[in-house]
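Participant: The structure follows.
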Amino acid sequence: MTTQASPEAITVEALINGQNVKSLSQSAKENPANPTEIVGYFPDTTQEQAVEAIEAAAVAFKTWKKTSIEERVASMRKAIEKIRAAENEIVNLLSREHGKPLYDAHGEIYVALMWMEFTCNEAAAALQEQVTEHDHGKTILSYDPIGVVSAISPWNYPIALSTIKIAPALLAGNAIVLKPSPYAPLAAAKVAEIIASEFPAGVINVVHGGADVGVELTTNPKVTKIAFTGGTETAKHIIKAASDTIKDMTLELGGNDAAIFLESFDVNDERAMRRIVVSNFLTTGQICMIAKRVYVHRSIYDAFVDKYIEAANRWIRIGDPFDPKTTVGPVNNLKQKEYVSSLVEDAKQRGAKVTPLGTILDQKLFDQGYYLQPTLVTGCDAHDPIVVEEQFGPTVPILPFDDEDQVITLHNESIYGLTSSVWGAEKEAIAVARQLEAGTTMINTAAVQGLDVRFPFGGFKQSGIGREYGTEGIRTYTEPHVINVPNMLDLPYIPE
Ligand code: NAD
């Protein structure tokens, strides 16, 4: 395939100790809607440069950790204003390199800024030292920074899932080395550069590349915390890599989130039907917390499927990410397109029915880009790969269930437990929700529509370790440090 740089193509460089650092070679990022067009270039950071970035962070940390929370918050607020001012430019870049429609790219900035604002508002309280006078003396509990944080982000929400780490890590007094994904490196690098402009040199460093650079970030002894969002298989490598130096870790991983529709759900509720369709196909289904398998009570199953197809055909308009009519863009990369296609093909081979959904707005564009027509899969077995694997793309299986115990078992037997949703009468839905093994369960909505950055987010089981968002998402970048001043210095049971 012959490629050509777009007239607007940009080049980003690694950021090490406040300096843009040239690289010996660079990689091109193509436009998923038109893979012959190069949106920009990013460096192939070498292992030596990754080491330099970590060392710069380690040096900067020594001074940065002594700054006041007020100073850190003031810098972050200035960075937020700069991101806001550059929003349209960032959104255009994100949309072109990622393939997400413009409204969705704006949505990503919206979520990122909401979280950054939250950390600015809450960090002082979350990190406040607590002094307790008690019968046994006095205890001081402080939340100390951990040191150098390796922040490794995925391609699906490159800005939101980078800033989710940068903001709390810096406000807690750490220094950071960010590595965005090579599948969406440009807009995340731009945002990190904007934030870095408000902080001292070395406090934020940015490197680029894939697993090779990732390995340095997860093994280097100067790194004391890893904040990783990505696939469960990658996390297994990271856990092994980090084990030699026992690093602190927050791991936000894959999910196979179920949406459960109880008998009390009203299939004629058009707003709710639209919400579930959006919960399946927003960002072309490439969200960790998208509803990836749908279970519907058998008594309403047939009517549900009919109404679902109607709602999906109304909402899904597949087209140019820059066309305001488009709701669903291309898949981000060829590998993912092939993987999702293979799952759908496998379901067909097993006898499932595959129903295409939505309208293709521009057939020529569709044929040239990494597009996939969204599909609904029915008539599949509860343990088929399309149901038990994380498809991370524009297809969804809908299955019937007979009773709540059965669907709770199906939900909980997954290796994942990120989010889930229960739809129907509120009281019954909450009763079912309480029995689900998931970090977040939403009632009558799902995916980002039910996300609340004020509360902790993360997964049970192989969906991760630890939490982001909420007060937990700030304290996760700290080590609780206890200073005990007991009034009984010599314990009575220890012999003289
Ligand atoms: P991925 O695991 O392939 O890559 C994530 C990041 O890890 C990238 O920056 C990549 O370059 C880097 N990486 C790859 N190998 C590495 C290694 N050996 N050491 C260190 N770093 C390495 O994931 P992806 O395809 O970019 O993202 C999709 C996955 O992320 C899905 O499974 C999705 O569910 C998950 N995800 C989870 C959340 C969450 O909050 N739980 C959010 C978004 C995405």
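Participant: Using 1/(1 + (r/R0)^6) with R0 = 51 angstrom and r between the beta carbons of S342 and N484, what's the FRET efficiency to the nearest 0.05? Working shown, then result.
Facilitator: Details: r = 58 Å, r/R0 = 1.13.
Here the calculated transfer efficiency is 0.30.
Participant: How many nm separate the modelled label positions at S142 and M114, each set 7 Å beyond the Cα in the direction of the Cβ?
Facilitator: According to this spin-label approximation, the distance is 3.5 nm.
Participant: Given a 1.4 Å probe and the protein chains all in place, what does the accessible area of D212 round to, in Å² to the nearest 10?
Facilitator: 110 Å²
Participant: Could you tell me the center-to-center distance, by alpha carbons, between the range 170-224 and the range 389-452 in angstrom?
Facilitator: Answer, in whole Å: 34.
Participant: Let me ask you something else. What accessible area per residue, rounded to a whole number of Å², is obtained for the range 258-450 using a probe radius of 1.4 Å?
Facilitator: 40 Å²
Participant: At what distance in angstrom do the alpha carbon centres of the range 330-346 and the range 230-290 lie from each other?
Facilitator: Measuring centre to centre over Cα atoms gives 17 Å.
Participant: Can you list the residues, at least 5 places off or on another chain, whose amide H is less than 5 Å from the amide H of I10, using H built in the peptide plane?
Facilitator: When sequence neighbours closer than 5 places are left aside, the close amide H contacts are G40, Y41.
Participant: Whole-Hz ³J(HN,Hα) for each residue in the range 336-341, computed from phi via Karplus 6.51 cos²θ - 1.76 cosθ + 1.60 with θ = phi - 60°, x for glycine and proline: what do you get?
Facilitator: Running phi through 6.51 cos²θ - 1.76 cosθ + 1.60 with θ = phi - 60° gives 5, 4, 5, 5, 5, 4 Hz.
Participant: Loop only per DSSP, at most 14 neighbouring Cβ atoms within 10 Å: give me the trypsin sites (Lys or Arg not before Pro) in the range 279-369, ordered by residue number. Please report the intermediate quantities before stating the final value.
Facilitator: Numbers: sites: K292, R293, R298, K307, R314, R317, K325, K335, K337, K348, R350, K353, K364; in loops: K292, K325, R350.
Filter output for the range 279-369: K325, R350.
Participant: Taking the Cα centre of the range 258-450 as origin and charging only Cβ (+1 Lys, Arg; -1 Asp, Glu), how large is the dipole, in debye to the nearest 20?
Facilitator: Details: 18 positive and 26 negative charges, 126 e Å.
With Lys and Arg at +1 and Asp and Glu at -1, about 600 debye.
Participant: Mind giving me the nanometre distance, one decimal, between the label points for A74 and V215, set 7 Å out from Cα along Cα→Cβ?
Facilitator: 4.5 nm
Participant: Let me ask something else. Taking the 0 to 90 degree range and rounding to the nearest ten, how far is the long axis of helix 160-171 tilted relative to the main principal axis of the chain, both from C-alpha atoms?
Facilitator: 20 degrees
Participant: Let me ask something else. Label Q47 and N88 with points 7 Å out from Cα along Cα→Cβ: what is the distance between them in nm?
Facilitator: Calculated label separation equals 4.6 nm.
Participant: OK, next. Taking R0 as 60 Å, what's the FRET efficiency between E428 and L24 from their Cβ-Cβ distance, rounded to 0.05? Display every interim value, and only then the final one.
Facilitator: On the way: r = 61 Å, r/R0 = 1.02.
According to the calculation, E is roughly 0.45.
Participant: Here is a further query. Which angle from 0 to 90°, rounded to the nearest 10, does the C-alpha axis of helix 270-281 make with the longest principal axis of the chain?
Facilitator: The helix 270-281 is inclined about 70 degrees to the chain.
Participant: Follow-up question, since we're still on this one. Only bridges whose two residues both fall in the range 258-450 count here: according to DSSP, what percent of them are antiparallel, nearest 5?
Facilitator: Working: 4 of 25 bridges.
Approximately 15 percent, going by the DSSP bridge assignments.
Participant: Between rounded, prolate and oblate, where does the chain land on the alpha carbon gyration tensor, with a ≥ b ≥ c its root eigenvalues, rounded for a/c under 1.5, else prolate if a/b exceeds b/c? Write down the numbers at each step before the final one.
Facilitator: Values: a/c = 2.05, a/b = 1.28, b/c = 1.60.
Oblate.
Participant: Nearest-5 percent of antiparallel DSSP beta bridges in the chain? Could you put the intermediate results ahead of the total?
Facilitator: Numbers: 33 of 76 bridges.
About 45 percent, rounded to the nearest 5.
Participant: Another question about this same structure. What is the extension gain from E270 to Q363, computed as 0.36 nm multiplied by their sequence separation minus the C-alpha to C-alpha distance, in nm to one decimal? Provide the component values of the computation, followed by the final result.
Facilitator: Working: separation 93, 0.36 × 93 = 33.48 nm, distance 2.86 nm.
Contour length minus the Cα-Cα distance gives 30.6 nm.
Participant: Among the lysines, which fall within straight-line cross-link reach of K78, defined as a Cα-Cα distance under 19 Å, with same-chain neighbours fewer than 8 residues apart omitted?
Facilitator: K165, K190
Participant: Out of the range 88-179, which GluC sites (Glu not before Pro) are coil in DSSP terms and have no more than 12 other C-beta atoms within 10 Å?
Facilitator: Details: sites: E89, E97, E108, E117, E122, E129, E133; in loops: E129.
Qualifying residues, ordered by number: E129.
Participant: To the nearest 10 degrees, how steep is helix 186-196 against the longest Cα principal axis of the chain, on a 0 to 90 scale?
Facilitator: For helix 186-196, the angle is close to 30 degrees.
Participant: Take every Cα pair under 8 Å in the chain that's 6+ residues apart, average their separations, divide by the length, and report that relative contact order as a whole percent. Spell out each step's value before the answer.
Facilitator: Values: 1136 pairs, mean separation 90.6, N = 496.
This gives 18 percent for the chain.
Participant: Now, a different point. What is the distance in Å between the Cα centroid of the range 97-154 and that of the range 14-34?
Facilitator: 28 Å
Participant: Now for a separate question. Could you tally the net charge around S150, taking each other residue with its Cβ under 12 Å from the Cβ of S150, Lys/Arg +1 and Asp/Glu -1? Don't skip to the answer; put the middle values down first.
Facilitator: Values: positive: K165, K179, K222, K225, K247; negative: E216, D248.
Taking every other residue near S150 into account, the sum is +3.
Participant: Mind giving me the FRET efficiency for I465 and K222? R0 is 22 Å, r the Cβ-Cβ distance, nearest 0.05 is fine. Don't skip to the answer; put the middle values down first.
Facilitator: Details: r = 22 Å, r/R0 = 0.99.
Once the sixth-power term is evaluated, E becomes 0.50.
The values are calculated or read from the model by the stated rules, or taken from the named source; none is laboratory data. Predicted model only: the values in this text are computed from it and were never measured. Reconstructed Cβ throughout: ideal geometry from the backbone, glycine too, with neighbour counts over all protein chains shown. Keep in mind that these areas ignore ligands, DNA and RNA; they rest on the heavy atoms of the full protein, side chains included. Shrake-Rupley method; radii C 1.70, N 1.55, O 1.52, S 1.80 Å.
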